[in-house]
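Input: a single structure, listed below in structure tokens.
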Amino acid sequence: MPLSRKDAMIALAPSGIAQMPGEREGGFRFFSDLTRLLPCYRLALGTRPEEIAATVSGFLARGSA
């Protein structure tokens, strides 16, 4: 389902900022730019890796339509 830019930032920031080298301000700026330039979606995934891979692959193959 489509996700607002704000909600995408909230979802990305905690783990993304912790994993990025450098200072936090640049990391937040990066995620802000990313969520502004790309469409954001929330995917409901299960716990079975093969199903997750197939779901993500199918989503990307459809062009996120």
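The values are calculated or read from the model by the stated rules, or taken from the named source; none is laboratory data. A quick note: this is a predicted structure, and the numbers were derived from the prediction, not measured. All Cβ positions, glycine included, derive from the backbone under ideal geometry; neighbour counts span all protein chains shown.
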Exercise for review: Report, ordered by the first and then the second residue, all pairs with beta carbons closer than 8 Å, sequence separation of six or more or different chains, a first member in region 22-33 that is at pLDDT below 80, and a second member that is surrounded by fewer than 15 Cβ atoms within 10 Å (Cβ to Cβ) and not in a helix (DSSP H, G or I).
Suggested key: Gly26/Met20; Gly27/Met20
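Specify the residue that is farthest from Leu12 (Cα to Cα); the eligible residues are those in region 48-64 that are among the aliphatic types (A, V, I, L, M) and surrounded by fewer than 10 Cβ atoms within 10 Å (Cβ to Cβ). Outline the logic, then answer.
As a first pass, look at region 48-64 and keep what is among the aliphatic types (A, V, I, L, M): 52-54, 56, 60-61.
Then drop every residue that is not surrounded by fewer than 10 Cβ atoms within 10 Å (Cβ to Cβ), which leaves 60-61.
Working: Leu60: 19, Ala61: 23 Å.
The extreme case among them is Ala61.
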Study note, to complete from the structure: Within region 34-57, the residues that are among the aliphatic types (A, V, I, L, M) and at pLDDT below 85 are Leu43, Ala44, Leu45
Study note, to complete from the structure: Condition set part of a loop (DSSP other than H, G, I, E, B) and at pLDDT 90 or above, scope region 1-21, selection nearest to the chain's Cα centre (by Cα): answer is Leu3
Review point. If you take the residues of region 24-47 that are closer than 9 Å to Arg5 by Cα and among the polar types (S, T, N, Q), which of them is surrounded by the most Cβ atoms within 10 Å (Cβ to Cβ)?
Key: Thr35
Check your understanding: Taking region 23-41, which residues are assigned to a loop (DSSP other than H, G, I, E, B) and under 12 Å from Leu12 (Cβ atoms)?
Key -> Leu38, Cys40
